[in-house]
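J.: So that we are looking at the same thing, I have put the structure below in C-alpha cells.
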Amino acid sequence: MIPLTLAEVAEITGGVLHHADGSERVTAGVEFDSRKIAEGGLFVALPGERVDGHSFAAAAVAAGASGVLAAREVDAPSVIVPREAEGVTGTGSVALSGDTDGSGAAVLAALGKLARAVVQRLSRTSLTVVGLTGSSGKTSTKDLIAQLLEPLGPTIAPPGSFNNELGHPWTALRADASTRHLVLELSARGMGHIAELAAIAPPRIGAVLNVGSAHVGEFGSRERIATAKGELVEALPAADDGGVAVLNVDDPLVAAMRERTAARVVPVGTAEQAEIRATDIRLDEQARPSFQLHTPEGSAEVTLPLSGEHQVSNALVAAAVALELGGDVAEIAERLSGVTRRSERRMEVVTSGDGVTVLNDSYNANPESVRAALKALAAMSEHRRAAGGRSWAVLGVMAELGEAATAAHDEIGRLAVRLNIDRLVVVGEEAAAMHRGACLEGSWGRESVLVPDADAAIELLREELSGQDVLLVKASKIAELWRVADAVLESPFVRDGDSA
C-alpha cells in the first residue's frame, strides 16, 4: 500500500478522525484480522457472525496498527465512516455475514473507496490492473497469470478465491509504487456485482473464461449469467486508451461479448478464429495436457504440469495476458510448462502411500467443472486399467442451481456411466439425482451407490478401495468432501494386501 496519513484516509473515505490528529501514517496494508496486523497497517473493523472487529480495535493498534477504519467510535486512533455509505449491495457476500446494523456495509464501502484511490494513483504511473471472470476456472487461471507476469515485474494477486467485496479491495491495497501488475478475480452472485468490483480497481485488461451454470439459481439462466459476466468487458477502457478484452471464443456466450466492449478484443481458444490458439492437444497418464501454442508472434510447445484438458483454455488466457504485457512466446511456453498449483483442492493430484491416486478437486463444484473433472478422471483411469486399477468418483451436491438442480445432478450421474467410471459414490440426499441418473443410464449393482455423508463415503472406501485405483473427490464447499480426500491420503488406508 502506498503511505497515507489518517487524515488522507478520512478525506478519501468521507470519514471523520477519532482519537487521532490525522498525522498518523499508514505504511502497510489493511487487515481485518487483528492477529495478522503489520507494523504501520490499517485495521478494518468488520462485524462477523461470532465476533465484531470493533471490539479488537485497541488490540490491533497495540499490535502495530497505525489506525482503524470503523463505523462507530472505538478506543483507538481511527477514521469513523458514515453508516449511510453507498456502493456495496452485500448480496451473497461472505464478508457481510453478521452485519445487523449496516456497519459492515459502511466499512466495506469505505474500503472500496480507499482501494480505488490507491489504484488510480498507481495506474497513472506504472500499474496495470488485470481483471478475470468466468463461471469456473477463475482461481486456477489467476494463478497462471500471476506466474507468467511475475518475471515481467512485481505482481500482486489474491490468495485462493478471495474475490468478493472484501477480498477485492484487500488485495488491491497490497499494491505499492513498485507493483507493475495487479491480477484480480471478479465474482458475482447478482447483477451489478462485477461492475462494482471493476469500479474499485478499474482493469485495463479483462478476461472472460466461460459462462456456465454456477449460481444459476440466483441468476435464473445462463444468458443472465452472461450479462453479469460481461460487465467486466463493459468496464474496460476503449482500444485507443489501451483497453484489451481477452475472450474465450470456444464459448459462444463469451464470444458474443465482443459487441459489448470498446476495448481491443483478443480471441483465444481452439477455434480457427482464435488469435491465441491451441492445437494438437494430448493428455498423459495424469491427464496433464500438452499442446502447440500459436500466437501472432510465433508458436511453441507447452506441457502443462496441471491435470485436466480444461486447463488448456486457462493457459491460453494467461498466455494472452502475458503477451499483452511484454512476454515472449518462447518464455511464456517455458513458464507455462513449469507452473505450480498455488491454490489448494483444485485438481490436486497426490498418490497415497497405499498407491491410490487421489484427484482432489473438492474446493467447489458446478456442472461444468464436474464434467471437466470426470473427463480428467476417465483419462487417468485408462492408464491404470492395465494394472487392475479402477476409477472412483466421489461426488456431492452442486449448490446454488435452483430449479435446474435435479436435471443437472441427473446429467452428471449419466455422464459418469458414459465415461465408463467404474464406481460412483454419491454423497448426500441433495445429490441423490446423480445416483438415479447413473442407474437410469445403465449402472448396475454397486457401480453407483448413494451414501448419507462424508463419513459413510470414507467407510465405504476403506472397505473397497484398492491400490492402483484412482479417485476423484468433488462437490460444492458445503459438502466438505475434502475430508474424504484427506482420509484416503492418511496411509495406511486400503485393505491389507491391496496396496501397491
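The values are calculated or read from the model by the stated rules, or taken from the named source; none is laboratory data. This structure is a prediction, so every number in the text was calculated from the model and none was measured. Neighbour counts run over all protein chains shown; Cβ positions are idealised from the backbone, glycine included. Just the protein is used for accessible areas: all its heavy atoms, side chains included, with ligands, DNA and RNA removed. Shrake-Rupley method; radii C 1.70, N 1.55, O 1.52, S 1.80 Å.
J.: Only one of 63, 70, 59, 38 is more than 19 Å from residue 116 (Cβ to Cβ) and open to solvent by less than 10 Å² (accessible area, probe 1.4 Å). Can you tell me which?
T.: 70
J.: So, in the stretch 150-170, how many residues would count as being surrounded by fewer than 24 Cβ atoms within 10 Å (Cβ to Cβ) and either of a type in the set (Val, Ile, Thr) or not in a helix (DSSP H, G or I) (or both)?
T.: 13
J.: Right, next: Just name the residue that is least open to solvent (accessible area, probe 1.4 Å) out of those in the stretch 239-253 that are over 20 Å from the mean Cα position of the chain (by Cα) and among the β-branched types (Val, Ile, Thr).
T.: Taking the candidates together, the pick is 244.
J.: Do any residues in the stretch 46-69 that are more than 15 Å from residue 30 (Cα to Cα) have Cβ atoms under 8 Å from those of residues that are β-branched (Val, Ile, Thr), where the two are at least six apart or on different chains, and which pairs are they?
T.: Within 8 Å, the pairs are 47/100; 58/74.
J.: Inside the stretch 405-500, counting only helices (runs of 4 or more DSSP H) that do not spill past its ends, which hold 2 or more residues that are touching a Pro at 6+ places or on another chain (Cβ under 7 Å)?
T.: Once the helices (runs of 4 or more DSSP H) in the stretch 405-500 are filtered for at least 2 residues that are touching a Pro at 6+ places or on another chain (Cβ under 7 Å), what remains is 405-418.
J.: Enumerate the pairs (first residue in the stretch 319-347 and closer than 22 Å to residue 206 by Cα and open to solvent by less than 60 Å² (accessible area, probe 1.4 Å); second residue anywhere and among the charged types (D, E, K, R) and modelled with pLDDT of 95 or more) with beta-carbon separation below 7 Å, excluding pairs fewer than 6 apart on the same chain, so at least 6 apart or on different chains.
T.: Note: pairs meeting the criteria are 323/297; 329/297; 333/301; 343/143.
J.: With 371, 345, 335 as the choices, which residue is charged (D, E, K, R) and assigned to a loop (DSSP other than H, G, I, E, B)?
T.: It is 345.
J.: Can you confirm whether the stretch 400-409 contains a residue that is without any contact (Cβ under 8 Å) to a residue 60 or more places away in the chain, open to solvent by less than 20 Å² (accessible area, probe 1.4 Å) and not charged (D, E, K, R)?
T.: First, the residues of the stretch 400-409 that are without any contact (Cβ under 8 Å) to a residue 60 or more places away in the chain: 406-407, 409.
Next, only the ones that are open to solvent by less than 20 Å² (accessible area, probe 1.4 Å) stay: 409.
When the remaining residues are screened for being not charged (D, E, K, R), the result is 409.
Yes, some residue in the stretch 400-409 is without any contact (Cβ under 8 Å) to a residue 60 or more places away in the chain, open to solvent by less than 20 Å² (accessible area, probe 1.4 Å) and not charged (D, E, K, R).
J.: Please name all residue pairs, on different chains or six or more residues apart, with Cβ atoms under 7 Å, provided the first residue is in the stretch 99-113 and is buried (at least 24 other Cβ atoms within 10 Å of the Cβ) and the second residue is at pLDDT 90 or above and among the small types (Gly, Ala, Ser).
T.: 106/71; 107/45; 107/70; 107/71; 110/15
J.: Quick check on the stretch 138-149. Is at least one of its residues assigned to a loop (DSSP other than H, G, I, E, B) and touching a residue at least 12 places away in the same chain (Cβ under 8 Å)? Before you say what the answer is, go through the steps one by one.
T.: Of the stretch 138-149, the ones assigned to a loop (DSSP other than H, G, I, E, B) are none.
No, because not a single residue in the stretch 138-149 is assigned to a loop (DSSP other than H, G, I, E, B) and touching a residue at least 12 places away in the same chain (Cβ under 8 Å).
J.: Of the conditions (1) more than 28 Å from residue 109 (Cβ to Cβ); (2) assigned to a loop (DSSP other than H, G, I, E, B), residue 202 fails just one. Which one is it?
T.: Failed condition: (1).
J.: Right, next: Filter the stretch 466-487 down to the residues that are buried (at least 24 other Cβ atoms within 10 Å of the Cβ) and either touching a Leu at 6+ places or on another chain (Cβ under 6 Å) or closer than 15 Å to residue 389 by Cα (or both) and list them by number.
T.: If the condition is that a residue be buried (at least 24 other Cβ atoms within 10 Å of the Cβ) and either touching a Leu at 6+ places or on another chain (Cβ under 6 Å) or closer than 15 Å to residue 389 by Cα (or both), then 469, 470, 471, 472, 473, 474, 475 are the ones that fit.
J.: Just to be sure, is residue 67 modelled with pLDDT of 95 or more and under 17 Å from residue 33 (Cβ atoms)?
T.: Against the criterion (modelled with pLDDT of 95 or more and under 17 Å from residue 33 (Cβ atoms)), residue 67 qualifies.
J.: Another question about this same structure. Would you say residue 309 is at pLDDT 95 or above, in a loop (DSSP other than H, G, I, E, B), under 24 Å from residue 135 (Cα atoms) and open to solvent by 60 Å² or more (accessible area, probe 1.4 Å)?
T.: yes
J.: Right, residue 358: open to solvent by 10 Å² or more (accessible area, probe 1.4 Å), under 16 Å from residue 466 (Cα atoms) and in a strand (DSSP E or B) or not?
T.: The answer is no for residue 358.
J.: Residues that are in contact with a Ser or Thr (Cβ under 6 Å, 6 or more places away or on another chain), modelled with pLDDT of 95 or more, under 17 Å from residue 6 (Cα atoms) and among the aliphatic types (A, V, I, L, M): does the stretch 49-64 have at least one?
T.: yes
J.: Can you find, within the stretch 174-227, the residue that is farthest from residue 264 (Cα to Cα) among those that are polar (S, T, N, Q), buried (at least 20 other Cβ atoms within 10 Å of the Cβ) and modelled with pLDDT under 95?
T.: In this case the residue turns out to be 213.
J.: Please verify whether the stretch 228-238 includes one or more residues that are assigned to a helix (DSSP H, G or I) and open to solvent by 40 Å² or more (accessible area, probe 1.4 Å). Spell out the reasoning first.
T.: Keep residues of the stretch 228-238 that are assigned to a helix (DSSP H, G or I), which gives 228-229, 231-234.
The next check asks that each one be open to solvent by 40 Å² or more (accessible area, probe 1.4 Å); those that pass are 234.
Within the stretch 228-238 (the criterion being assigned to a helix (DSSP H, G or I) and open to solvent by 40 Å² or more (accessible area, probe 1.4 Å)), the answer is yes, since at least one residue qualifies.
J.: If I go through the stretch 254-265 residue by residue, how many of them are more than 14 Å from residue 228 (Cα to Cα) and over 22 Å from the mean Cα position of the chain (by Cα)? Outline the logic, then answer.
T.: Of the stretch 254-265, the ones more than 14 Å from residue 228 (Cα to Cα) are 255, 258-259, 262-265.
Next, from what is left, pick out any that are over 22 Å from the mean Cα position of the chain (by Cα): 258-259, 262-265.
Qualifying residue count for the region: 6.
J.: Is it true that residue 216 is β-branched (Val, Ile, Thr) and under 20 Å from residue 313 (Cβ atoms)?
T.: no
J.: Another question, if that's okay. Can you spot a residue in the stretch 381-391 that is hydrophobic (A, V, I, L, M, F, W, C), touching a Leu at 6+ places or on another chain (Cβ under 9 Å) and either closer than 15 Å to residue 431 by Cα or touching a residue at least 60 places away in the same chain (Cβ under 8 Å) (or both)?
T.: no
J.: Report the residue count in the stretch 271-298 for those that are under 23 Å from the mean Cα position of the chain (by Cα) and assigned to a loop (DSSP other than H, G, I, E, B).
T.: Residues that pass the stated criteria total 3.
J.: Scan the stretch 442-462 for residues that are at pLDDT below 95 and exposed (fewer than 13 other Cβ atoms within 10 Å of the Cβ) and report the count.
T.: Matching residues across the stretch 442-462 total 4.
J.: So, in the stretch 42-56, of the ones that are crowded, with 24+ Cβ neighbours inside 10 Å and in a loop (DSSP other than H, G, I, E, B), which residue ends up nearest to the chain's Cα centre (by Cα)?
T.: Among those residues, the one meeting the criterion is 46.
J.: Please enumerate the residues belonging to the stretch 410-420 that are touching a residue at least 40 places away in the same chain (Cβ under 8 Å), surrounded by fewer than 24 Cβ atoms within 10 Å (Cβ to Cβ) and at negative phi. Lay out the reasoning, then the answer.
T.: Of the residues in the stretch 410-420, the ones touching a residue at least 40 places away in the same chain (Cβ under 8 Å) are 411-412, 415-416, 419-420.
Restricting the remaining residues to those that are surrounded by fewer than 24 Cβ atoms within 10 Å (Cβ to Cβ) gives 411, 415, 419-420.
Across the stretch 410-420, the qualifying residues are 411, 415, 419.
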